[in-house]
Amino acid sequence: MIEYRSNGCMNSIPVATRNIILINIFVMLFSGLRPEFMYGNFSLFYIHSPFFHWWQPVTHMFMHGGFWHIFFNMYTLWLFGSVLERSWGPKKFLFFYFVTGLGAAALHMGAQALQEYYYQLQIAANTPGAAEALGQLYSIPTVGASGAIYGLLVGYAMLYPDSRLTLIFPPITLTAKWMVIIFIIIELFTGVFGRMVDVAHFAHLGGALFGWLLVLYWKKQGKMYGDER
């Protein structure tokens, strides 16, 4: 968790950030009532999976795997999304949020495509367990707003690189720029050497990458503020 230090005072949550949080909470509650229907239809399955539907790259951003998953995502959205929405306005903020979320899904499925190719080579070589691994790739869904959240973190760090953030555990204070760089390095390392079926590390990296590219584009075009995208 991160403790946010700011000189200002947050009197209320901006409209777009508030509505995203409320939709996520509503979807989480309804998912508890109809889990098979919700997770089977609105999670993100790999594009070659028989469970994939075209709307899932969007809907998976509002699905979560449990209380702590949604809590940390919405907590971070509240902290950093509120600041960015006040800087950009609700329309530009929503555009940024969905671009980073879709970018996260794109990079995640790109990594899955490489996994699929690798498993198919193993199957052709009669490697034990390869068919089961490919079946898992097709059947295990991805849920969560974490890709868009990483986009928000990058966007915040690019707008306010010298603001100071404190981790609650461990209690380390760093500038936003360095904290985000460390997070991305950790995600890259665990994505390459860890098990991607447990955490969608490349989705996090995709959100961060698209957030960086979009803010960089706005800066170069002189469209950082205002309604222009």
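Read-outs: derived from the displayed coordinates by stated rules, not from any lab. Here the structure is a predicted model, which means the values were calculated and not measured. Positions of Cβ are backbone-derived with ideal geometry, glycine not excepted, and every protein chain shown enters the neighbour counts.
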Inset, instruction - Would you please report the Å³ per residue occupied by the convex hull of the alpha carbon atoms in the stretch 17-97? - result: 89 Å³
Inset, instruction - For each pair in Lys91/Lys177; Lys91/Lys220; Lys92/Lys219, compute the distance between the two Cα atoms and list the pairs where it is over 18 Å. - result: Lys91/Lys177; Lys91/Lys220
Inset, instruction - Please report His48, His69 as a ranked list, fewest other C-beta atoms within 10 angstrom at the top and most at the bottom. - result: His48, His69
Legend entry - Normalised alpha carbon radius of gyration of the chain [divisor 2.2 N^0.38 Å]: 1.06
Legend entry - Cα lying deepest toward the dipole's positive end in the stretch 1-138, options Asn73, Gln115, Ile13, charges on Cβ: Ile13
Legend entry - At most 13 other Cβ within 10 Å, DSSP loop - chymotrypsin sites (Phe, Trp or Tyr not before Pro), the stretch 145-191: none
Inset, instruction - Could you work out which residue, out of Phe30, Phe80, Phe72, moves most in a Gaussian network model of the chain, that is, has the largest mean-square fluctuation with Cα springs under 10 Å? - result: Phe30
Legend entry - Rounded to the nearest 20 debye, dipole of the chain from Cβ charges on Lys, Arg, Asp, Glu: 700 debye
Legend entry - Leading residue at positive end of dipole, the stretch 2-221 (Cβ point charges), from Gly155, Val99, Gly40: Gly155
Inset, instruction - On a 0 to 90° scale, report how tilted helix 146-159 is relative to the longest principal axis of the chain, with both axes built from alpha carbons and the result rounded to the nearest 10. - result: 30 degrees
Inset, instruction - Would you work out which of Phe202, Thr190, Ile168 lies farthest towards the positive end of the dipole of the stretch 120-222, given +1 charges on the beta-carbon of Lys and Arg and -1 on that of Asp and Glu, about the Cα centre? - result: Ile168
Legend entry - Fewest-first ranking of Glu132, Glu116, using other Cβ atoms within 10 Å as the exposure measure: Glu132, Glu116
Legend entry - Exposure proxy ranking, count of Cβ atoms within 10 Å, fewest first, for Leu174, Leu102: Leu174, Leu102
Inset, instruction - Please state the charge dipole magnitude for the stretch 74-168, taken about the Cα centre, from unit charges on C-beta atoms (+1 on K and R, -1 on D and E), reported in debye and rounded to the nearest 20. - result: 400 debye
Legend entry - Over the chain, relative contact order from alpha-carbon pairs under 8 Å, at least 6 apart, %: 27 percent
